[in-house]
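Just so it is clear, none of the values below were taken in a lab; they were calculated from the coordinates. If you're wondering where the values come from, they're calculated on a predicted model, not measured in any experiment. Here the Cβ is made from the backbone with ideal geometry for all residues, glycine too, and neighbour counts use every protein chain on show.
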Amino acid sequence: MEQKFHEAVDRVFERWTTLALATDQGWGGRDSFAKARQLQAEVVEYLSTTSRKKRPPSWENPSDVEELSRHLYQRIDELFNTETDDGSDAEVAMLCLRLFNTCQRGDSSFADQVLQATVGKQDLAQSQGSERIEYATEEDELLDKLDGMDIDEGEEGDSDGEQGMPQPEAAPAASPPAAGYKQVIEPTVDEDGFTSVVKGHRRPR
């Protein structure tokens, strides 16, 4: 019965997503896997020690579940520098307490249920952590996105101008009047409304 209890507890800790991510991604450093085993051993020791009390802890008592849950929350923070804000620490605490209570009475039915329901290793591909960035203002978000953009610089540029900046095109030079073209002189209107006629010079014959 004791062996089945330990097997079921092993399965509970293996399937605990927060702990699996913490060990797989090394949140506790190079000793992350050893720290996970340490946490599991601490829980088993806690259950064994408290069972000698006049009133052993029970999974049906909310205060007992909360006490073990607090211990798990604190140790996860200390060992892996992360928090279990998803309430999974309370679920793990209740499962461990129920496994201990039932197996101590010689009842392996719940341990069998746990082992059957958790066949296979935790699939971390379905529960990868993601980084979420919160911005104080929309301007901060826009600036951060702009800072991460790759701006292509122009291949060629004028030596005096900004690199990559388009240079203004030179205005086309005015073409000389074609041969034989007679320039028309527009009449000038003075302030009184009279039109001044400018006489052209005749070409001598």
*Pull up the stretch 49-66, narrow it to residues that are touching a residue at least 24 places away in the same chain (Cβ under 8 Å) and assigned to a helix (DSSP H, G or I), then point me to the one that is nearest to the chain's Cα centre (by Cα).*
Glu66
*Hey, any hits in the stretch 14-30 for a residue that's over 25 Å from the mean Cα position of the chain (by Cα) and farther than 14 Å from Ile76 by Cβ?*
no
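This table checks each residue for (1) among the β-branched types (Val, Ile, Thr); (2) in a helix (DSSP H, G or I); (3) surrounded by 14 or more Cβ atoms within 10 Å (Cβ to Cβ).
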{"position": "Val12", "(1), (2), (3)": "yes, yes, yes"}
{"position": "Ala36", "(1), (2), (3)": "no, yes, yes"}
{"position": "Gln74", "(1), (2), (3)": "no, yes, no"}
{"position": "Asp77", "(1), (2), (3)": "no, yes, no"}
{"position": "Thr102", "(1), (2), (3)": "yes, yes, yes"}
*touching a residue at least 12 places away in the same chain (Cβ under 8 Å) and in contact with a Lys or Arg (Cβ under 7 Å, 6 or more places away or on another chain): does that describe Trp16?*
no
*Name the pairs whose Cβ atoms lie under 9 Å apart, with the first residue in the stretch 73-92 and farther than 20 Å from Phe33 by Cβ and without any contact (Cβ under 8 Å) to a residue 40 or more places away in the chain, the second among the small types (Gly, Ala, Ser) and crowded, with 17+ Cβ neighbours inside 10 Å, and 6 or more positions between them or separate chains?*
Tyr73/Ala90; Gly87/Ser69; Ala90/Ser69; Glu91/Ser69
_Conditions (1) part of a helix (DSSP H, G or I); (2) exposed (fewer than 15 other Cβ atoms within 10 Å of the Cβ); number of the one not met by Arg98_ = (2)
*asked:* If I filter the stretch 38-72 down to residues being of a type in the set (Ser, Thr, Tyr) and loosely packed, with under 13 Cβ neighbours inside 10 Å, which single residue comes out as farthest from Leu99 (Cα to Cα)?
replied: Ser63
